[in-house]
Each structure stands twice: as structure tokens, then as C-alpha cells.
Amino acid sequence: MFSELKQGPPQPQFVAAPDEWMAALSRIPLLCQPGDAWLYNTCSDIQGVLIARVSGRPLPEPLGMADTGFGVPASKLGRFTSYYRTGPAGGLELVDPPDGQWRSLPAFPSGAGGLVSTVDDWHRFARMLLAGGIAGGRGCCRPRRCSR
């Protein structure tokens, strides 16, 4: 499943477009019965596809965070840094340079991850969480009123 769907460390430019990804997913046998387990990455990707289909557009920038997205516009690449991870010997190894995978939008904006951001936008997100879901005076979701 992981190799077919390109699950695992972020590789946005290698994941198929949503329709092709969903078709590949449909060919993989269930790992468990529905409701018995939750595969966070896969299920979040499915939710992202559903959100895009219902809204009629790809996943948006969250919370109006102008420097957060699934790709880095050419005008902002000069501000973008490399992506590193811990290497086998304990040091850092380069995974992706600034002009690498995030230089353009992926075919499949993942509901599970793959966003790039800035410290300022992360701070905005943290303030929204601390404010109980309120960002810029607006709630992130519309509260439902009980009709009873």
C-alpha cells in the first residue's frame, strides 16, 4: 500500500493526481473492516479528496496563511530553505533543496500533510488553537445550533 500510494515521507511531486490515486487505492484490499481501525495518513488523504470534490476546488491555504501552501511560488523561493532529516550516522542529510519538490504545486494536495510554511504562519495557527478555534475574529468552523 505504501509504495503504490507513495505514502511515507513527503514526496509531493511523486504522488498521482487525486483520481488516479483513488483508483490505485480501490485496487488495494482492505487491511481491516471499516470502523475497526483508522489509517491516519490514508484516511486524511481521502478526506482531502472529498473536501476538494465537495467544494469544487483544490485544498486551499489554511486560515488565510499567505505563506503556507502545498508549493512555494517562484517569487518566494529565495526565502525557502532546504529540507533535512537525521541521517543514519546521526548527522543531518539533505532530503530536498529549495528548488526541489515544493517548487511547484503537486498533482495531489494531500489532506494528510505536505504543507510548507513560515514561522509567522505557524504562530498564527498556534494562536488560533489557543483561542479555541478563532482566527482573525472568525471561527474556523461554524457552530451548529441544536434544534431541540
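Points worth noting:
- Residue separation of Ala66 and Leu105 scaled by 0.36 nm, minus their Cα-Cα distance, works out to 12.6 nm of gained length.
- Taking amide hydrogens as placed 1.01 Å from N in the peptide plane, the amide H of Gly69 sits under 5 Å from those of Val116, each at least 5 positions away in sequence or on another chain.
- His123/Glu4 FRET efficiency (R0 30 Å; Cβ-Cβ; nearest 0.05): 0.20
- Diffusion coefficient, µm² s⁻¹, Stokes-Einstein with Kirkwood Rh over alpha-carbon pairs of the chain at 10 °C and 1.306 mPa s: 90 µm²/s
- Label zone at Glu93, where the point sits 7 Å out along the Cα-to-Cβ direction: the range 1-42 residues whose backbone N lies under 14 Å: 9
- On the beta carbon distance between Ala131 and Arg27, with R0 = 41 Å, the FRET formula returns roughly 0.40.
Since every read-out is calculated from the coordinates, none of them should be taken as a lab result. The structure presented is a predicted model; accordingly, all values stated were derived computationally and were not measured. Heads up, the Cβs are rebuilt from the backbone with ideal geometry, glycines too, and the neighbour counts pull from every protein chain shown.
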